[in-house]
Amino acid sequence: MKKSIFLSLFIICITCVVMAQENASSDMIKLSPLSKKSVSVQVGQKLYFEAKVHGSVGMSAQFSISNEKTIRLVSEDLEFKNPQQADMPGGDSAVRTYIFEAIQPGTSQIKIEQVFRGKVEDSYTFKIKVNE
């Protein structure tokens, strides 16, 4: 009897943890070349874009926001593919993550450019509508 009650409680706890993780990650919208180019979000909601970068070979990324009254950059993260080799020649391959937040109702565009040795190789524009 005690084992079945413990097992039931354990399963409920695991289910709650998984659901909480899913809800936390579903609050942010991933912007991707393969995703929709037009997105509708609520004030306070966050969006992110992940770009491959490799500074030592000339791969970088840049962004622009057409209306900074509606969307703003809240953080920028760099995660190295091999952190132990990041300071070695050629070891700086990474993913740069831009996190944006909707701050006011309106419309804006986020433009992400993948740059190789100073030349824009790819460009992605996302139209963002911010609702209250």
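Coordinate-derived values only; no laboratory data. Please read all numbers here as calculations on a predicted model, not as lab measurements. Ideal geometry is used to build each Cβ from the backbone, glycine not excepted, and the neighbour counts take in all protein chains shown.
Of Ser40, Gln84, Ala51, whose Cα points farthest to the positive end of the dipole of segment 28-88 (charges on the beta-carbon: +1 Lys, Arg; -1 Asp, Glu; origin at the Cα centre)?
Value computed over the given set: Ser40.
So for the pair Met88, Glu50, with labels modelled 7 Å out along Cα→Cβ, what separation do we get in nm?
Placing both labels 7 Å beyond Cα along the Cβ direction yields 2.4 nm.
Using a cut-off of under 18 Å, list every residue of segment 44-65 whose amide N is near the label point 7 Å from the Cα of Lys111 along the Cα-to-beta-carbon line.
Answer for this model: 49, 60-65.
Please list 96-106, 111-121 highest first by mean number of surrounding beta-carbon atoms within 10 Å per residue.
96-106, 111-121
Which FRET efficiency value, to the nearest 0.05, do you get for Gln42 and Glu121 by plugging their Cβ-Cβ distance into 1/(1 + (r/R0)^6) with R0 = 35 Å?
Details: r = 33 Å, r/R0 = 0.95.
After rounding to 0.05, the efficiency reads 0.60.
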